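Heads up: the structure comes next, in structure tokens.
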């Protein structure tokens with residue numbers, strides 16, 4: 001199992017969209033991948049949890065976190081093999097760790113935590129909560145957006161991850177992200 005959580009070596013620059021639910025991470029991931037003609041790694045948790053909801057009407061449980069993490073790393077490792085320039089990640093294991101701690105009494109599976117802290121990314125884009133909330137089957141914390149944002153930002157600071165705060169509308173966020181990615185690509 002630990003091998004499945006390990007980030008495989010690659011030659012590409014890896015960018016992570018990071019932040020609370022309903023803050024535009026997927027939209028921006030797709031836009032950036034299109035702009036740079038590269039791959040984006042979708043959020044495996046969304047696919048996994050939507051299937052669980054559709055079949056059982058159940059939400060995420062602690063036992064789901066390792067399968068989600070394994071699925072996320074499989075997607076990332078597979079797509080990283082297809083590019084040697086840039087990979088846009090809609091999420092990472094550090095985000096899974098934040099959600100684990102927020103939902104499950106400040107706990108995280110030690111194996112998940114180890115790999116969340118070991119895996120490396122060149123830059124994180126922290127997405128602010130200054131965009132409208134969009135409800136769906138899986139989103140459930142519309143009134144806790146500020147607390148969740150703080151948890152995400154505190155995590156980046158605690159683990160000294162390089163990050164840029166993205167705020168404003170879609171166009172402003174995209175423009176800011178492109179500016180910072182272009183600097184990394186030079």
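Derivation of every value follows stated rules applied to the coordinates shown; laboratory data play no part. From a predicted model like this one, the values you see are computed outputs, not experimental measurements. Here the Cβ positions follow ideal geometry from the backbone for every residue, glycine too, while neighbour counts run over all protein chains shown.
Residue 30 to residue 81: extension gain in nm, 0.36 nm per residue of separation minus the Cα-Cα distance?
Additional length available on full extension: 16.5 nm.
Ranked from highest to lowest mean number of other Cβ atoms within 10 Å per residue, what is the order of the peptides 86-93, 20-27? Don't skip to the answer; put the middle values down first.
Numbers: 86-93: 25.4, 20-27: 21.4.
With the highest mean Cβ count within 10 Å placed first, the list reads 86-93, 20-27.
If you rank 41, 164 by fewest surrounding Cβ atoms within 10 Å, what's the result?
Taking fewest neighbouring Cβ atoms as first place, the list is 164, 41.
Could you check the simple spin-label distance between residue 184 and residue 170, using points 7 Å along Cα→Cβ, in nm with one decimal?
So the label points at residue 184 and residue 170 sit 2.2 nm apart.
Say each of residue 54 and residue 101 gets a label point 7 Å from the Cα, pointing the same way as Cα to Cβ; how far apart are those two points in nm?
3.3 nm
Below 8 Å, C-alpha to C-alpha, sequence gap of six or more: please give me the relative contact order for the chain in percent.
Averaging sequence separation for qualifying contacts and normalising by length gives 34 percent for the chain.
Could you estimate the translational diffusion coefficient of region 28-112 from the Stokes-Einstein equation, with Rh from the Kirkwood formula over C-alpha pairs, at 4 °C and 1.567 mPa s, in whole µm²/s?
The estimated diffusion coefficient comes to 93 µm²/s.
Restricting everything to alpha-carbon atoms, can you work out Rg to Rh for the chain with a Kirkwood hydrodynamic radius?
0.93
So for the pair residue 2, residue 135, with labels modelled 7 Å out along Cα→Cβ, what separation do we get in nm?
4.4 nm
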